[in-house]
Each structure stands twice: as C-alpha cells, then as structure tokens.
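Student: Structure incoming, see below.
The values are calculated or read from the model by the stated rules, or taken from the named source; none is laboratory data. All values derive from a computational prediction rather than experimental measurement. For neighbour counting, all protein chains shown are included, and Cβ atoms are generated from backbone atoms with ideal geometry for every residue, glycine included.
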Amino acid sequence: MLKAFKNYIKKEAPFLKKNKILIALSGGLDSVVLTHLCVESGLDVALAHCNFNLRAEESDADENFVLRLAEALDLELFVEYFDTETYAENKKISIQMAARELRYQWFFELAEQLDFDHILTAHHADDNLETFLINLSRGCGLDGLTGIPNQNEKILRPLLTFSRNDLEGYASEKKLEWREDSSNASVKYLRNKIRHEIIPKLKETNPQFLENFNRTIGHLKEAQGIIDDRLDDVSDNIIDVKDDSISFSIEQLNALNDPKAYLYELIKDYGFTQWDDVYALFDAQSGKQLFSQNWRLLKDRDRLILTAIEDKSHDHIHIEALKKEVPIPIGKLVFETVESLSDTDHNVIFVDRDRFIQPLYVKKWEEGDSFHPFGLNGRKKVSKYFKDEKMSLIDKENSWLLCSGQDIVWIIGRRADERFKVTDKTKQILKIELK
C-alpha cells in the first residue's frame with residue numbers, strides 16, 4: 001500500500017512534497033494509517049485532533065492515544081475541545097452535523113493561522129460508497145452520486161482509491177495500533193446501518209463490487225464534467241449577476257430542452273429541497289417566493305431572482321452626530337457642509353441643515369411610509385412611488401430611508417423630500433452623498 005500511496009502522490013499530488021500539511025487525526029484506523037503513510041513518504045506534516053466531549057472517558061482515551069502517537073512519531077499535535085451538544089442544540093442540527101461543522105471550522109482556522117497549505121482527511125473507498133448510498137436513498141442529482149471529492153479548497157483525501165481492507169492490511173503488516181469508536185457500532189445512525197448491514201451483502205453478492213463502484217464513480221464524474229461545460233455555454237444568456245442578487249431569465253430557460261434540469265443544476269447548491277415547488281415558479285404569479293435556510297428564490301415578472309436572506313439586526317441605524325462618513329448596509333453616507341449647490345445625481349442631495357432634527361436615522365421602508373417627493377406638491381406613499389418607478393420586489397426591499405423624526409429626508413439613492421430642499425432663506429447647506 002505504501003508504494004501505491006507514493007505513486008498517488010507522484011502522479012496526482014506532487015505539490016504535497018513541498019507543502020506544509022495538517023492531518024485530521026481521530027485515532028481511528030483510517031487516520032492512523034494516513035499519518036504513517038505520510039511520515040514514511042517524507043511529507044511535512046502536523047496533526048490535529050478534535051475532542052468533541054461526547055463519549056466521556058472514551059473521548060479522553062482517544063486524546064491520550066493521539067498524544068502518544070504524536071510523541072512517538074515526533075510530530076506537532078494540536079488538540080481542540082468542543083461543547084458539541086450545546087452547539088447542536090443552539091443551531092438545531094444533529095450531533096453528527098455539529099461535529100462536522102466544528103471540526104472543519106477549526107481545521108480551516110488552524111490552516112489560516114499557521115500557514116498550512118493543505119488539510120488531509122482519511123476518507124477511503126468504503127466511505128465513498130457509504131456516502132453514495134446515503135445520497136441515493138435521500139434522492140439527489142448527479143452531483144450527489146459522484147461521491148466524496150478528492151479535493152475541495154484546502155482539503156485533500158488521498159485514500160479515496162483504497163478500501164478499508166487495504167488499510168487493515170497495511171496496519172497489520174506494520175503492527176499499528178488504533179482506537180475504535182464505540183458509536184460506530186450502533187446501527188441507529190443511517191451511515192452505520194449501511195456500513196454494517198447493507199454493504200457487506202453487496203460485497204457478498206459480488207466480490208468485485210467496490211472496484212466496480214470506483215469505476216462507476218469515475219464515469220459519473222466525467223458525465224458531471226460534460227454537464228458543467230454545457231452550463232458554462234448557456235449561462236451568459238440565462239444569468240444576470242448583481243451585487244445583491246442573481247437573476248435567471250425564464251424565457252431563456254424555457255428555450256432549452258429541459259428547463260427544469262438546467263434550473264436544478266444552476267441553484268442546487270443553495271439549499272432548496274422542495275423541487276416541485278421550485279419548478280412551479282416558472283408559471284407562478286409575480287411575487288411568489290420560496291426559501292431555503294439562507295436563500296430566497298423569487299418570481300418577478302419574467303425572471304427568477306435569488307437573494308441571500310438578510311440579517312435584520314441592522315434595519316435601524318441611528319446617526320447620533322453628523323460625522324463625515326457613516327456606514328450603512330448599501331455603502332456609506334458622506335455629510336459635508338458646503339457654501340453653494342453643485343451638480344446632483346441619484347446619489348447626491350443638498351438639504352437645508354436647519355430644517356431637520358437630530359438624531360437622523362436610516363431604516364428600511366415600511367408599508368404606510370410617505371414623503372413629499374422633491375419637485376412636487378403634496379404627499380405620496382413610498383409604496384406608490386415604488387410602483388410608479390416599476391421597481392421589483394428586490395429593489396423595494398433594498399431601499400433605505402434617511403429620516404428626521406417622523407419625516408423622510410431621502411429615499412437614499414432615489415428621491416429627496418421637498419420639505420428639506422435648499423431655498424433662498426437657507427443658512428446652512430448640507431451635502432449628503434451615498435458612496
């Protein structure tokens with residue numbers, strides 16, 4: 001196995017010979033074998049171990065084991081402790097998902113702080129098969145059937161072509177010791193049920209099952225590459241990317257052979273799961289919207305618009321003093337006292353400094369808000385102004401108001417209020433600019 005591992009490094013990842021590497025070490029068979037293979041291959045490695053505090057004395061025994069292993073191999077070891085149960089409860093996710101998030105967040109922090117070029121994990125071919133079957137059982141697209149990626153970002157998985165039998169054979173030959181996680185024996189978890197009850201039967205039916213599976217994964221990845229190339233060809237006509245949204249032309253999608261399939265490939269990474277509802281947006285009324293955990297998909301006339309779900313904690317910003325620059329969610333407001341008027345545009349207004357009261361504040365518009373549009377007599381609802389301007393729902397939601405007391409001074413970047421305009425009686429002219 002060592003020879004095969006070295007050949008993999010030589011052909012697929014020669015850069016590892018020159019780079020600084022962090023190995024995720026649990027103490028189990030997989031990561032112990034990976035550590036020894038890397039050491040025997042002469043790679044520059046350090047170790048990282050997570051204590052999730054989930055198995056009491058067993059977790060501590062795992063930590064003690066990796067401490068001894070690091071000392072025996074003369075390798076630097078980093079250990080981190082997590083309150084995994086509290087994290088899972090706060091985020092309302094499973095313990096397994098919480099452990100995964102905590103683990104990878106910490107690995108990336110270590111890599112950033114200490115300049116590790118790559119993070120190696122010990123996923124192998126049997127893990128890949130388990131992931132494939134899990135995704136298959138839950139329903140997924142082609143990407144869910146291509147298995148665990150060999151590399152994403154800084155993470156590399158150099159054991160994916162090796163089976164657990166290969167790892168066990170190497171460990172036996174080298175007389176290695178490792179730790180067994182008792183939770184891996186429980187079939188209450190789907191992955192363990194697949195590992196202990198389903199995969200053995202598949203291998204019993206066909207001893208070459210894992211080898212055939214690896215070839216199939218290769219073919220599926222090639223097919224995914226063809227799909228990605230096709231998406232690149234059509235995306236320019238379909239997608240319009242702005243600072244705060246991505247929109248998809250329904251007309252251009254419908255011109256394709258299978259618009260639903262293209263839409264799936266374009267938004268599959270944004271967390272949507274109710275795909276029948278997503279596809280129904282093609283024929284839905286304007287204003288219909290769907291939500292994933294972090295994203296919203298909106299039908300707006302002839303487009304589908306994708307936007308991030310906003311953090312509402314900054315929807316009301318007080319400006320206690322007229323500082324030169326005040327940051328707001330869409331940029332910054334710059335206040336400057338000037339002697340005379342100059343050219344204006346949508347992002348610049350001039351107001352009578354003495355006509356408003358402080359503190360000023362910036363807020364999102366709400367139903368019922370009204371103002372006196374500059375250049376016109378009388379009051380107008382902000383919602384009616386938006387309608388007259390033919391603004392989309394996204395544009396409306398991204399609109400902010402500069403206010404004084406109960407009065408709107410400016411629909412920022414769009415229209416000033418008549419009541420605050422500069423006149424021949426104005427003593428102080430204040431220039432306000434959105435940058």
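Student: Regarding ALA125, is this residue under 19 Å from THR216 (Cβ atoms) and in contact (Cβ under 8 Å) with a residue 24 or more places away in the chain?
Tutor: Answer is yes for this residue.
Student: Here is a further query. The conditions are (1) touching a residue at least 12 places away in the same chain (Cβ under 8 Å); (2) assigned to a loop (DSSP other than H, G, I, E, B), and PHE78 fails exactly one of them. Which is it?
Tutor: Unmet condition: (2).
Student: For the stretch 294-386, list the strands (runs of 3 or more DSSP E) that sit wholly inside it and hold at least 2 residues that are over 30 Å from TYR264 (Cβ atoms), modelled with pLDDT under 90 and out of contact with any Gly (no Cβ under 9 Å at 6 or more places or on another chain); which are they?
Tutor: Result: 316-319, 325-328, 331-338, 360-364.
Student: On the given criteria, is PHE65 part of a helix (DSSP H, G or I), of a type outside the set (S, T, N, Q) and under 13 Å from LEU156 (Cβ atoms)?
Tutor: Against the criterion (part of a helix (DSSP H, G or I), of a type outside the set (S, T, N, Q) and under 13 Å from LEU156 (Cβ atoms)), PHE65 does not qualify.
Student: Whether any residue in the stretch 28-41 is in contact (Cβ under 8 Å) with a residue 24 or more places away in the chain, among the hydrophobic types (A, V, I, L, M, F, W, C) and surrounded by fewer than 19 Cβ atoms within 10 Å (Cβ to Cβ) is what I want to check.
Tutor: yes
Student: Kindly provide the set of residues from the stretch 347-377 that are loosely packed, with under 12 Cβ neighbours inside 10 Å, touching a residue at least 12 places away in the same chain (Cβ under 8 Å) and on the phi < 0 side of the Ramachandran plot, ordered by number. So that I can check it myself, show each step before the final result.
Tutor: At the first step, the residues of the stretch 347-377 found to be loosely packed, with under 12 Cβ neighbours inside 10 Å are 357, 366-368, 375-377.
Imposing the further condition that a residue be touching a residue at least 12 places away in the same chain (Cβ under 8 Å) reduces the set to 357, 367-368, 375-377.
Across the stretch 347-377, the qualifying residues are ILE357, GLU367, LEU376, ASN377.
Student: Which one of these does LYS387 not meet: (1) closer than 17 Å to GLY287 by Cβ; (2) surrounded by 15 or more Cβ atoms within 10 Å (Cβ to Cβ)?
Tutor: Only one criterion is unmet by LYS387, namely (2).
Student: Turning to a different aspect of this structure: Do any residues in the stretch 1-21 that are farther than 15 Å from ILE119 by Cα have Cβ atoms under 8 Å from those of residues that are small (Gly, Ala, Ser) and at pLDDT 95 or above, where the two are at least six apart or on different chains, and which pairs are they?
Tutor: MET1/GLY169; LEU2/SER41; PHE5/SER41; LYS6/SER41
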